[in-house]
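Trainee: Before I ask anything, let me first share the structure, which is written out below as structure tokens.
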Amino acid sequence: MATQKLENVISFIETQLKTLTKLDTVEYIGADDSDPEVRQYGGVIYMEDEDPVERENLHIGPLLTETWSINVDIIIKQKPKTPRQTVSDGFGTSYWVDQLTVLFLNKTNSGAFKRTFWSKESIQEINSGIKIKGLVTIEILNKYT
């Protein structure tokens, strides 16, 4: 059982997002940084808290279950003409919510993680389009010696 670090978790999220061929940009940014420029669709990874780890000592010995929560947002560059198109467009908000839910559902990263999932937090209109804000939660059973 390998000890997972935050760098490994961020790398896993980036790799997963890059499998979505519609995303032309996937970037890790600081919480206060401005959104990257995207052509049509982009993925943004960041952490709002400096310490995103919730520790729960659930095991006897050097094992610790950690839950890491990382913000993963999708930026849609185009603004639809009507509010209904925001949801019903072929690559609208419902498409991206479904894609991210399936992409991160119960991934184990070759046994390194216990489980993962993505949950939608909110949808915001921004100057250039729409931002779907979400949170990837990853449960890890780490071994400390």
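We did not get these values from a lab; they are worked out from the coordinates using the rules stated. Keep in mind the model is a prediction, meaning the values are calculated, not measured. Please note: Cβ atoms are built from the backbone with ideal geometry, for glycine as well, and neighbour counts cover all protein chains shown.
Trainee: P(r) of region 91-145 in 5 Å steps, Cα pairs, percent per bin?
Mentor: 5, 17, 22, 18, 14, 10, 8, 4, 2, 1
Trainee: When ranked by the protection proxy of mean other Cβ atoms within 10 Å per residue, highest first, what sequence do the peptides 104-117, 65-78 form?
Mentor: 65-78, 104-117
Trainee: Could you give the length gained on full extension between THR137 and LYS114, defined as 0.36 nm per residue of separation minus the Cα-Cα distance, in nm?
Mentor: Extra length available between THR137 and LYS114 comes to 7.2 nm.
Trainee: What full-extension length gain, to one decimal in nm, is calculated for LYS22 and ASP49 as 0.36 nm per residue of separation minus the Cα-Cα distance?
Mentor: Working it through step by step, the gained length comes to 6.8 nm.
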